Structure formats: structure tokens, C-alpha cells
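> Dumping the structure here so I can ask a few things about it.
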Amino acid sequence: MWTTTTVILSAICWIFFFPISITAWLMLVPLKLFFDTDILVSPYRLLIAILIPFLASIRSVKRKSLDFVGAVLAFLIGFVLTMSNYGFISMLLAFYYSSTKLTRFKQDIKSKQDMEAEKKPRSAANVVCNSLSAVICSFLYLIETGCRETSVDLSTSHSFTSSWLSIAVLGSISSVCADTWASEVGSAMRRDTTRLITTWKHVPAGTNGGITLIGILASLCGGLFMGVVFATTLAICSPQHM
């Protein structure tokens, strides 16, 4: 079902952002022909960079995961990450969908802990705080290597900078995923298993700073999951196929 919010988001994407992107791409065509340099990104990549973040943003609004401004920011962030490296957007999508599923894990227990927070979709501030460092590193990656995938290899000077930037994006998204998995799984556990990390006293599940053994294991799994997604994407989207 299409709401006013999804219609406005669609208009921003396809009536405003899409024509600007295509116009910018077409303006680069004469420069490519004149200077005989490969400065054009594939039109397929441009379409993917718009379509996939758009669909994810629409889904987040329909499921009330994000508010309107948060969804717009998520679309722009998805566009940047997709243009930079398919591995980056793969991690972001894997994080989003896995976290959405974990949010429903024992939702009745978690809703009792914080009923007010359960009703509110995540705001633009949440989106920015969770993705700012990844976006900055993605921009730097774009400047360094362009719109393409590069293997992580710290042994050569040619790929040294791009490798560190890829690791930075991987670390940023992995930490967010690990934190979310730990929170969603740990807060659903029994009340007497949660301890405050500073004093080691028992605290109610869902308390800020509270940790559980199962939450720590979930955190490790979340970070590992992002690494597997990134490595798999790079293996599939190898440079010779781009």
C-alpha cells in the first residue's frame, strides 16, 4: 500500500534525483570522447545504485523502520555505497535485513522493556550516527579508485590506500551490525543474566551498558557475518568482470 510518504520519496528519487544523475552522466560523455579516458561509470551500475537503495528505503518506510527524512538519507547513503563498491552496499543491505529479522525475535519481551521506543521508527539522527564514518570512507574510496571493486591487499603500494579504506568501511558497518545483533538478542534474554559492564551488577535486560554472554556471542556473529558478505561479494564481482 502506497502512502503519502512513499509517494513523496518516489517523486524525490525518480523525478528529481534520477534525471540529475542521468544528466550528469551524459555531460561526461563528451569529456570521455575528447580526452579518451575512462571517466564514465557503467549505466547499469548507475541504475543499480538508484534502484536498490530506493527499494530498500521504500520498504523501510512501509515497515516503519525509518521516518521520512531517515529514509531519504538512507537512499542517498545507499547510492554512495553502491557507486563506490558493491561490497559496501551488500554489507549495508545484509545488516538492514538481518537486523529487521532480529528485531522481531521475542518482540513481546522487548516491547515490555521499552514500549515507547518500540513504536517509533528510527530517525535521520540514527541513520547518520550509524553510517557517517562508512560514507566518509566510501567517498575517499571513490576519489582513490573510482567506481569499481578492488581486492584487499596491503602488500602492494598500488592497492594499499584503497585496501585500508575498504577495511574502514567493513569495520564501520561490522561494528554497527555487531552492536545491533547484541542488543536485539541480548535484550530478549532472561532478566537475571544481564550485568552492567562498569560494575558487573545485575541489571534489567535492555539497560544501556548491560551485557550478556549470548549478546557477546551474537555480536561476534554479527561482525563475522559482515566479513563473509563482503568477501563473498568481492569474490563474485571480481575486477575482470566489471
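Bear in mind these aren't lab numbers, they're just calculated from the coordinates by the rules spelled out. Computed from a prediction, not measured in an experiment: that's the story for all the values here. Because the Cβ atoms are built from the backbone with ideal geometry, glycine has one as well, and the counts that use them run over all protein chains shown.
> Taking the highest mean first, how do the peptides 81-90, 8-17, 211-220 order by number of other beta carbon atoms within 10 angstrom per residue? The partial results should precede the final answer.
Details: 81-90: 25.4, 8-17: 14.8, 211-220: 17.4.
Output ranking for 81-90, 8-17, 211-220: 81-90, 211-220, 8-17.
> Here is a follow-up. What does the charge count near C221 come to, summing +1 for each Lys or Arg and -1 for each Asp or Glu among other residues with Cβ under 15 Å from its Cβ?
Taking every other residue near C221 into account, the sum is -1.
> Once amide H atoms are built 1.01 Å from N in the peptide plane, which residues 5 or more positions from R122, or in another chain, come under 5 Å H to H?
L66, D67
> A further question on this structure: Please give the net charge around G70, taking every other residue with its beta carbon less than 12 angstrom from that of G70, where Lys and Arg add +1 and Asp and Glu add -1.
Once positives and negatives cancel, what remains is +2.
> What are the ³J(HN,Hα) couplings of the stretch 169-179, residue after residue, when phi is run through the Karplus curve with 6.51, -1.76, 1.60 and θ = phi - 60°? Round to Hz, x for glycine and proline.
5, 4, x, 5, 5, 5, 5, 5, 5, 4, 5
> Count the net charge of all other residues whose Cβ sits under 15 Å from the Cβ of S98, scoring Lys and Arg as +1 and Asp and Glu as -1. Don't skip to the end; give the middle numbers.
Values: positive: R59, R63, K101, R104; negative: D179, E184.
Every neighbour counted, the sum reads +2.
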